[in-house]
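Let me begin by presenting the structure, written as structure tokens, before commenting on it.
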Amino acid sequence: MLFALATSATLVLPALAHAAEAPPAAPPRESRPNAVQLDLGLAVVGLAYERVLSPRVALQLEAQVFGTWFGPAFDLPNLRGLGGQLRPSFFLTEDAPRGVYVAPFLRIDRVTATKDDLSGSAVGFSSGVFGGYSWLFAERVNLRLGAGVQYMAYDVPVGLERVRFRTLFPALDLVVGWVF
């Protein structure tokens, strides 16, 4: 009887120990640390490069056109110009570039304003934060939708007057990108 218990223990205990081991982890997703993006926000259209710096942080550098439709559409001064944007994105629920994100940004633009057939140029800025959700389709196509708030500050001398635009304003985030 003792021999039968010892033989059974020799056969059963290793099987139980093997069954108690954790299942193998899922293979990690293929790392794709770069993206080229088209930013179709509320006030700008831009072309950006984004680099994933760590699993939950990405940094974007963007060149953009400050839209001519923006001011008149909202009964604000008509400003147009070119600029750049720096935008880190922090992914809260999944690894970049997926999931819920928060993205503060700083945009600097050289804008032109026209008033009474006179025009002038100056440098201004916009700073704010977006929050939204980012999808990755087929591991290549990135779509981000979000909203937020921004402070816009532009002060352009036009002749003897100034065209001023300083206000808190809603920010809409629509970014489509190719991840590689």
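Identify the single condition in (1) open to solvent by 70 Å² or more (accessible area, probe 1.4 Å); (2) at pLDDT 70 or above; (3) out of contact with any Gly (no Cβ under 6 Å at 6 or more places or on another chain) that Pro88 does not satisfy, given that it satisfies every other one.
It fails just one condition, (1).
For a quick check of your reading of the model, give me the residue pairs whose first member lies in the stretch 134-159 and is within 24 Å of Gly120 (Cα to Cα) and open to solvent by 30 Å² or more (accessible area, probe 1.4 Å), whose second is in a strand (DSSP E or B) and among the hydroxyl-bearing types (Ser, Thr, Tyr), with beta-carbon atoms closer than 6 Å and at least 6 apart or on different chains.
Going by the 6 Å Cβ cut-off, the qualifying pairs are Tyr151/Ser127.
Which numbered condition trips up Val175, out of (1) open to solvent by 60 Å² or more (accessible area, probe 1.4 Å); (2) more than 14 Å from Pro77 (Cα to Cα); (3) in contact with an Asp or Glu (Cβ under 7 Å, 6 or more places away or on another chain)?
Only one criterion is unmet by Val175, namely (1).
Would you check if Ser119 is open to solvent by less than 70 Å² (accessible area, probe 1.4 Å), of a type in the set (Ser, Thr, Tyr) and either farther than 30 Å from Glu161 by Cβ or out of contact with any helix residue (DSSP H, G or I) (no Cβ under 6 Å at 6 or more places or on another chain) (or both)?
Details: open to solvent by less than 70 Å² (accessible area, probe 1.4 Å): no; of a type in the set (Ser, Thr, Tyr): yes; either farther than 30 Å from Glu161 by Cβ or out of contact with any helix residue (DSSP H, G or I) (no Cβ under 6 Å at 6 or more places or on another chain) (or both): yes.
Judged against the criteria, Ser119 is not a match.
Among the residues in the stretch 156-168, are any within 23 Å of Leu92 (Cβ to Cβ), in a strand (DSSP E or B) and not aliphatic (A, V, I, L, M)?
No, because not a single residue in the stretch 156-168 is within 23 Å of Leu92 (Cβ to Cβ), in a strand (DSSP E or B) and not aliphatic (A, V, I, L, M).
Give me a count of the residues in the stretch 99-116 that are farther than 25 Å from Arg166 by Cα and open to solvent by less than 30 Å² (accessible area, probe 1.4 Å).
Of all residues in the stretch 99-116, those farther than 25 Å from Arg166 by Cα come to 99-101.
Next, from what is left, pick out any that are open to solvent by less than 30 Å² (accessible area, probe 1.4 Å): 99, 101.
The qualifying residues number 2.
Restrict the check to the stretch 117-137 and report whether at least one residue is among the charged types (D, E, K, R) and modelled with pLDDT of 95 or more. Step through it out loud before you land on a result.
Going through the stretch 117-137, the residues among the charged types (D, E, K, R) turn out to be 117.
Right, trim to modelled with pLDDT of 95 or more and you get none.
The answer is no, given that none of the residues of the stretch 117-137 is among the charged types (D, E, K, R) and modelled with pLDDT of 95 or more.
So in the stretch 16-46, with the set limited to residues that are assigned to a loop (DSSP other than H, G, I, E, B) and either open to solvent by less than 60 Å² (accessible area, probe 1.4 Å) or under 23 Å from Glu62 (Cβ atoms) (or both), which one is modelled with the lowest pLDDT? So that I can check it myself, show each step before the final result.
Taking the stretch 16-46 as the starting set, the residues that turn out to be assigned to a loop (DSSP other than H, G, I, E, B) are 21-33, 40-43.
So of that shortlist, the ones also either open to solvent by less than 60 Å² (accessible area, probe 1.4 Å) or under 23 Å from Glu62 (Cβ atoms) (or both) come out as 31-33, 40-43.
On the way: Ser31: 71, Arg32: 80, Pro33: 91, Leu40: 93, Gly41: 85, Leu42: 79, Ala43: 80.
Looking at the filtered set, the residue picked out is Ser31.
Would you pick out the residues in the stretch 162-171 that are in contact (Cβ under 8 Å) with a residue 40 or more places away in the chain and open to solvent by 90 Å² or more (accessible area, probe 1.4 Å)?
Arg164, the sole residue that qualifies.
The values are calculated or read from the model by the stated rules, or taken from the named source; none is laboratory data. This is a predicted model, so every value here is computed, not measured. Virtual Cβ from ideal backbone geometry, glycine too; neighbours counted across all protein chains shown. Please note that ligands, DNA and RNA were not included when accessible areas were found on the heavy atoms of the full protein model with its side chains. Shrake-Rupley method; radii C 1.70, N 1.55, O 1.52, S 1.80 Å.
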